[in-house]
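Written out below as structure tokens is the structure these notes cover.
What follows is calculated from the coordinates using simple rules that are stated; it is not laboratory data. What you see is a predicted model, and the numbers here were worked out from it, not measured in a lab. Glycine gets a Cβ as well: all are built from the backbone with ideal geometry, and neighbour counts include every protein chain shown.
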Amino acid sequence: MVLAASRHERWLWALVAVTLLADVALTHLGLLRGLTEGNPVVRAAVADAGIGMLGALKVGAVGFGLTAWLAMPDRERAVVPLGLALPWLGASVINATLLFG
């Protein structure tokens, strides 16, 4: 699976960017509509510094992921964007369901 996925790494990194933006935007909208952030660390960070802190935390995660990606063997690298994008995709689906479902 990793070998097949590695042929599509550009698409996987694009998915990381899209899911990052979707999660931040939908979280922001949810907070504006009275929902609460489920992650207590993120909840405290957003309460103290605003929604931009969520974006900053996610960009930091991508930076960490890129560092790990560079250190990994080529055939295993696809797990990094998958590991970033899949949880954010899940969070985006949950947020969209709560907001629009």
Handout entry: Contact order normalised by residue count of the chain, Cα under 8 Å, 6+ apart, percent
Key = 49
Practice task
Provide the convex hull volume over Cα atoms per residue for segment 2-100, in Å³.
Solution key: 92
Problem - Dipole magnitude of the chain, debye to nearest 20 (Cβ charges: Lys/Arg +1, Asp/Glu -1, about Cα centre) - result: 140
Exercise for the section: Add +1 for every Lys or Arg and -1 for every Asp or Glu among the other residues with Cβ under 15 Å from the Cβ of residue 16, and state the total. Expected result: +1
